[in-house]
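Here is the structure we will look at.
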Amino acid sequence: MTAALRHTGIVVQNLNRMLEFYTSHFGCSVSRQSDERGDYLDNMLALDDVSVMTVKLSVPGGGMLEFLKFSNPDVVDTGQRYPNDSGITHVAFTVDNLDQTYGSLVSDGVKFMAPPQLSPDGAAKVTFCRDPEGNLLELVEVLLN
């Protein structure tokens, strides 16, 4: 069997705010948007009376993010995720100039765990921040190939 990663799905509270953040800071673009409901989705998700707006974002360099804004059932907020939580913890973006990206995001009020750090092997500069809804993002500038 062979497989390719299709997308990563993120349930969001404020779709417009999240779209603005990812399109303006990471150059993502909306490739598809749809209002989904019906038996197919109820069965697929094992939920009742699902109603969800899905927006697929193309990420420069390849890949997709999918934002899901549920209007039914209500979203359960389990609290902020941490890097050592079990399960999916973060989405990583490769950027051309991490110092520039860091400065731009800081000026827009984005909170970081730490300033950009050089990896122990010197191959990359890395930092972590949170998007407007608290999801962890890893930002990486590759220095050595």
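Bear in mind these aren't lab numbers, they're just calculated from the coordinates by the rules spelled out. If you're wondering where the values come from, they're calculated on a predicted model, not measured in any experiment. When we count neighbours, we look across all protein chains shown, and the Cβ atoms used for this are built from the backbone with ideal geometry, even at glycine.
Here are a few things to note about the model shown:
- Under the simplified labelling scheme, the V11-L118 pair shows an inter-label distance of 4.3 nm, with each label point 7 Å from Cα along Cα→Cβ.
- Taking other Cβ atoms within 10 Å as a rough exposure proxy, I88, I10 sort from fewest to most as I88, I10.
- Partners of K56 within straight-line reach, counting aspartates and glutamates whose Cα lies under 18 Å from its Cα and excluding those fewer than 8 residues away in the same chain: E20, D35, E36, E66, D131, E133.
- Computed from the Cβ-Cβ distance with R0 of 30 Å, the FRET efficiency linking Q33 to H90 stands at 0.75.
- Listed by chain and number, the lysines placed with their C-alpha closer than 18 angstrom to that of K125 are K111; residues fewer than eight positions away on the same chain are left out.
- Contact order normalised by residue count of the chain, Cα under 8 Å, 6+ apart, percent: 21
- Other residues with beta-carbon under 13 Å from the beta-carbon of R6 carry, at +1 per Lys or Arg and -1 per Asp or Glu, a net charge of +1.
- Summing charges over neighbours of S58, with a neighbour being any other residue whose Cβ is under 15 Å away from its Cβ, gives +2 when K and R count +1 and D and E count -1.
- With Cα atoms, 0 to 90° folded angle of helix 15-26 axis to the chain main axis: 30
- Ranked E36, E133, criterion: other C-beta atoms within 10 Å, fewest first: E36, E133
- FRET efficiency for T2 and S107, using Cβ-Cβ distance with R0 set to 30 Å, rounded to 0.05: 0.10
- Counting beta carbons within 10 Å around each of K111, K125 and listing the fewest first gives the order K111, K125.
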